[in-house]
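Report on one structure; see the data block that follows.
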Amino acid sequence: MYEKKLYWNRNFTYENSDEGIQIGNTIFPKEYADLFPKLWIQLCNGISEEELCDCFNELSKRKISRFISRLKNMGVICQGLQEPDELFKGQYRLLKKAGEYPEDYFLKKENVEDYRKKALDRNKQTENNVFSYDIPALPDCLWTRRSSCRKFKVNEKVTKESFMELLAVLLRYSGREFEHGTFPSAGGLYPIDAYVQVKANRVEGVQGGIYFVNPSKRKLEQINSEEQVSEDQYFFLNKDIFRTSAFSVFLVFKGEVSMLKYKDRGYFYGIIDCGIVLGYLNLKAAEIGLGSCCIGELKNSDIRDILKLGSDEIFLQSAEFGIPE
């Protein structure tokens with residue numbers, strides 16, 4: 001039977017001290033210091049837990065198993081794909097302007113609006129006397145009317161027809177060579193799975209609960225009849241958006257689908273795919289009169305448990321939908 005390998009999380013370092021060995025902010029007794037660097041090397045290369053325990057005679061198997069378990073709980077040892085926060089950890093500090101804004105700066109509405117204005121007005125420094133052309137603006141249309149909706153009508157239901165028409169964006173369709181989606185995907189693999197949570201009595205003819213969108217079978221399959229994702233999983237500034245929405249869409253990257261072909265870069269392609277899916281859902285929502293809002297920050301560990309995700313599945317982002325207020 002295949003046994004998953006354990007890996008050292010490269011965001012963690014270790015250091016020997018007089019008190020013992022420090023890993024992250026935790027200091028372990030000196031007896032564990034003798035396991036390094038051998039343990040670290042083995043985990044960098046990948047090794048099963050049984051093989052790792054057999055590598056060391058200095059400690060009992062039970063004791064080293066407890067040590068490994070502790071490192072797993074700390075996130076020092078990885079068994080599956082890392083969450084995006086872990087994957088990109090440390091990148092911010094490489095910016096020249098890192099730390100320019102205090103931690104609570106973006107919690108104030110006026111600061112957010114001022115920062116957004118500056119971000120949207122950015123320019124590229126160009127040489128003198130270069131060619132410049134005016135780009136005609138689009139006429140009033142779907143593309144210009146699309147916007148994020150942060151409050152929905154709680155007393156008005158979404159019609160089943162509109163609900164299903166939106167989800168039809170996620171289905172597979174017959175092509176000249178193979179089944180394809182409504183949006184492009186690296187290698188035509190479509191590694192993004194969609195889960196939908198419908199709130200009770202908010203979508204006509206659809207029972208409340210959590211569903212999986214099966215694109216090939218063109219089915220909406222219920223996996224839980226109870227509403228388990230709650231406002232507790234949302235950042236406090238987004239709680240009201242969730243409270244008023246009629247249903248939520250949670251997008252999950254199925255790592256094996258893309259990474260078996262594209263290796264490490266498959267994760268990168270999956271993140272791009274997720275953004276494309278969100279864009280298409282937002283445009284379709286605008287077309288049929290639904291409001292939509294992408295949500296970037298949730299308690300990922302809670303979402304993992306609720307959706308019962310495997311070690312190769314990563315929740316990336318969600319979006320809220322309903323009748324705009």
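The values are calculated or read from the model by the stated rules, or taken from the named source; none is laboratory data. Note that the structure is predicted; figures quoted are calculated from it, not measured. With ideal geometry, Cβ positions are generated from the backbone for all residues, glycine too; neighbour counts draw on all protein chains shown. We work out accessible area using only protein heavy atoms, side chains counted, and drop any ligands, DNA or RNA first. Shrake-Rupley method; radii C 1.70, N 1.55, O 1.52, S 1.80 Å.
A few comments on the model shown:
- Highlighted here are the helices (runs of 4 or more DSSP H) found entirely within the range 32-141 that include at least 2 residues which are open to solvent by 80 Å² or more (accessible area, probe 1.4 Å): 38-45, 49-54, 61-74, 109-120.
- Qualifying residue in the range 179-196 (condition: modelled with pLDDT of 95 or more, open to solvent by less than 100 Å² (accessible area, probe 1.4 Å), under 23 Å from Pro324 (Cβ atoms) and of a type in the set (D, E, K, R)): no
- Among residues of the range 142-160, those that are open to solvent by 90 Å² or more (accessible area, probe 1.4 Å), out of contact with any helix residue (DSSP H, G or I) (no Cβ under 7 Å at 6 or more places or on another chain) and assigned to a helix (DSSP H, G or I), counted: 2
- So Ser258, is it within 30 Å of Gly187 (Cα to Cα), touching a residue at least 40 places away in the same chain (Cβ under 8 Å) and surrounded by 20 or more Cβ atoms within 10 Å (Cβ to Cβ): yes
- Filtering the range 200-233 to residues that are among the hydroxyl-bearing types (Ser, Thr, Tyr) and in a strand (DSSP E or B) leaves only Tyr211.
- Summed over the range 296-325, the residues that are under 17 Å from Ser147 (Cβ atoms), within 14 Å of the chain's Cα centre (by Cα) and buried (at least 19 other Cβ atoms within 10 Å of the Cβ) give a count of 1.
- Ile276 being within 21 Å of the chain's Cα centre (by Cα) and open to solvent by 50 Å² or more (accessible area, probe 1.4 Å): no
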